[in-house]
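Colleague: Got a structure here, written out as structure tokens. Questions coming.
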Amino acid sequence: MTETTPFTKTPGWLDWHAGPSKPRFKVPVGAVDAHCHVFGPGAEFPYAAGRKYTPCDASKAQLFALRDHLGFARNVIVQATCHGADNRAMVDALNHSGGKARGVATVRRDTPDAELQALHDAGVRGVRFNFVKRLVDFTPRDELMEIAGRIKRLGWHVVIYFEAVDLPELWDFFTALPTMVVVDHMGRPDLSKPIDGAEFELFVKFLAQHPNVWSKVSCPERLSVSGPPALNGEQNAYRDVIPFARRIVETFPDRVLWGTDWPHPNLKDHMPDDGLLVDFIPHIATTPALQCKLLVDNPMRLYWPEQS
Ligand code: 0GY
């Protein structure tokens, strides 16, 4: 947080890890970090008036430095809720990425077609619909469906963020979406429930029955109940996430994506070492072929189809 920013962080906010380890796992050439954010900097790109949290700043230069440190080639930068539908910080990052970043925006019903086209020209390829109640206010479904119809014409997809317990209520809306659909963080399963229990089975059925639905197998640090190694002394950090993520990767190998989620909004207990998050990948994608699909082939097909 610089002294010039006019914003004060949400109490308890944990800043991103300033010295992540060098991963032992070497990601394949051309790997894409398909879920990350930029925050401000607030002095240049103010946070939205209606935001639910105020983060620490996390700039494009810091994101690109992390990309290089971890060995990735590209980023997909997802609009964070603290910026509302003001996509300028994300677009500025795309514009300074040298073609190495694509974006997922937040748009509203009143976003003009010309702005959608400008977002497309900057590298946006998706729109995010967020259903996590602590992060956003309710948007009527007909409004979202109208937006989905408009962005479909640009060849974009819809990224959806929700919690597992809400999937039954959202099912009809999600399955009516006319585009490719990408689920954030495996639909946030509750890991205190069994992997073959009704809740996660419904999520697997969601993908099995709908070939247009993809899943990010991201955020073990957010989902884990067992926690990171420093807290539990176990060899595998976030080990309880492994069977859930492996099941999705192995059942739907051509429809999975991975991302760091840097700078990790809203983590109150611990901040992950991004190098260790990369070392988690071979636990969930256990062969070079699966790793290549997860980190290169799939994200390239979705975000850089002209180069894949
Ligand atoms: C994530 C998760 C979270 C936040 C956001 O845009 C956001 O504010 O996505 C969260 O708090 O669970 O994907 O970064």
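The values are calculated or read from the model by the stated rules, or taken from the named source; none is laboratory data. Remember, it's a predicted structure, so these values are computed and weren't measured experimentally. Every residue, glycine as well, gets a Cβ built from its backbone with ideal geometry; the counts of neighbours run over all protein chains shown. Each accessible area value is taken on the protein alone, full model and side chains, heavy atoms only, with ligands, DNA and RNA left out. Shrake-Rupley method; radii C 1.70, N 1.55, O 1.52, S 1.80 Å.
Colleague: Which of the residue pairs Lys268/Lys293; Lys9/Lys52; Lys52/Lys193; Lys52/Lys268; Lys9/Lys268; Lys9/Lys216 have a Cα-Cα distance greater than 21 Å in the structure shown? Before the final figure, lay out each step's value.
Modeller: Values: Lys268/Lys293 32 Å; Lys9/Lys52 11 Å; Lys52/Lys193 28 Å; Lys52/Lys268 15 Å; Lys9/Lys268 12 Å; Lys9/Lys216 28 Å.
Result: Lys268/Lys293; Lys52/Lys193; Lys9/Lys216 exceed 21 Å.
Colleague: Using Cα springs under 10 Å in a Gaussian network model of the chain, which residue among Thr111, Thr179, Thr54 shows the largest mean-square fluctuation?
Modeller: Of the options given, Thr111 has the highest mean-square fluctuation.
Colleague: First select every other residue whose beta carbon is under 14 angstrom from the beta carbon of Thr260; then total the charges, Lys and Arg +1, Asp and Glu -1.
Modeller: -4
Colleague: Then there is this: So what is the 222 nm mean residue ellipticity for the chain from helices alone, if each DSSP H run of at least 4 adds -39500 (n - 2.57) and you divide by all residues, rounding to the nearest 500 deg cm²/dmol? Mind dumping the intermediate values first?
Modeller: Values: 12 runs with 103 residues, N = 308.
It comes out at -9500 deg cm²/dmol, rounded to the nearest 500.
Colleague: So, counting K/R as plus one and D/E as minus one, what does the shell of residues with Cβ under 15 Å around Asp196 add up to? Please report the intermediate quantities before stating the final value.
Modeller: On the way: positive: Lys193, Lys205, Arg246, Arg247; negative: Asp190, Glu199, Glu201, Asp240, Glu250.
Taking every other residue near Asp196 into account, the sum is -1.
Colleague: With springs connecting C-alpha atoms under 10 Å apart, model the chain as a Gaussian network and identify which of Arg108, Arg153, Arg128 has the largest mean-square fluctuation.
Modeller: Ranking Arg108, Arg153, Arg128 by mean-square fluctuation puts Arg153 first.
Colleague: Treating only the Cβ atoms of Lys and Arg (+1) and Asp and Glu (-1) as charged, compute the dipole magnitude of the stretch 32-303 about its Cα centre; round to the nearest 20 debye. Can you show the working numbers first?
Modeller: Numbers: 30 positive and 34 negative charges, 91 e Å.
Using Cβ point charges on Lys, Arg, Asp and Glu, the stretch 32-303 gives about 440 debye.
Colleague: Quick one: go through the stretch 46-87 and flag any residue whose amide nitrogen is under 16 Å from the point 7 Å out along the Cα-to-Cβ line of Lys26.
Modeller: Only 69-73 fall inside the zone, counting backbone N under 16 Å.
Colleague: While we're on this one: For Thr287 and Trp171 in the same chain, what is the full-extension length gain: residue separation times 0.36 nm, less their Cα-Cα distance, in nm?
Modeller: Details: separation 116, 0.36 × 116 = 41.76 nm, distance 3.24 nm.
Stretched out fully, the Thr287 to Trp171 stretch lengthens by 38.5 nm.
Colleague: Could you check the spin-label model distance between Arg153 and Ala18? Points 7 Å from the Cα along Cα→Cβ, value in nm.
Modeller: So the two model labels end up 4.9 nm from each other.
Colleague: What is the extension gain from Lys268 to Asp190, computed as 0.36 nm multiplied by their sequence separation minus the C-alpha to C-alpha distance, in nm to one decimal? Don't skip to the end; give the middle numbers.
Modeller: On the way: separation 78, 0.36 × 78 = 28.08 nm, distance 1.77 nm.
Result: 26.3 nm gained on full extension.
Colleague: At a probe radius of 1.4 Å, what is the per-residue accessible area of Ile160, in Å² to the nearest 10?
Modeller: Counting only protein heavy atoms, Ile160 exposes about 0 Å² to solvent.
Colleague: In addition: Taking 0.36 nm per residue of sequence separation and subtracting the Cα-Cα distance, how much length would be gained by fully extending the chain between Lys205 and Val132, in nm to one decimal?
Modeller: Numbers: separation 73, 0.36 × 73 = 26.28 nm, distance 2.11 nm.
Taking 0.36 nm per residue and subtracting the Cα distance, the gain is 24.2 nm.
Colleague: Let me ask something additional. Please work out the average accessible area per residue across the chain, using the 1.4 Å probe convention, and give it in Å².
Modeller: Value for the chain: 41 Å² per residue.
Colleague: Which one, Ala118, Val132, Ile147, projects farthest toward the positive side of the charge dipole computed for the stretch 115-164 from Cβ point charges (K/R +1, D/E -1)?
Modeller: Farthest towards the positive end: Val132.
Colleague: Moving on. Rounded to the nearest 0.05, what FRET efficiency is calculated for Arg88 and Ser308 with R0 set to 30 Å and r the Cβ-Cβ distance?
Modeller: Working: r = 28 Å, r/R0 = 0.95.
With R0 = 30 Å, the Cβ-Cβ based efficiency is 0.60.
Colleague: Rounded to the nearest 5, what is the percent of antiparallel bridges among the DSSP beta bridges in the chain? Please list the in-between numbers first.
Modeller: Working: 1 of 24 bridges.
Beta bridges within the chain, antiparallel portion: roughly 5 percent.
Colleague: What net charge is computed for the residues neighbouring Pro299, neighbours being all others with C-beta under 15 Å from the C-beta of Pro299, Lys and Arg scored +1, Asp and Glu -1?
Modeller: On the way: positive: Arg67, Arg74, Lys100, Arg102, Arg125, Lys216, Arg255, Lys293, Arg301; negative: Asp33, Asp184, Asp254, Asp261, Asp297, Glu306.
After counting each charged neighbour, the total is +3.
Colleague: May I ask you to derive the relative contact order of the chain, considering only C-alpha pairs under 8 Å and at least 6 residues apart, and to give it as an integer percent? List each step's numbers first, then the result.
Modeller: Working: 546 pairs, mean separation 66.6, N = 308.
Answer for the chain is 22 percent.
Colleague: Which of the trypsin sites (Lys or Arg not before Pro) across the stretch 188-276 are loop residues per DSSP, with 11 or fewer other Cβ within 10 Å? Intermediate results must be reported in sequence, preceding the final value.
Modeller: On the way: sites: Lys205, Lys216, Arg222, Arg239, Arg246, Arg247, Arg255, Lys268; in loops: Arg255, Lys268.
The qualifying sites are Lys268.
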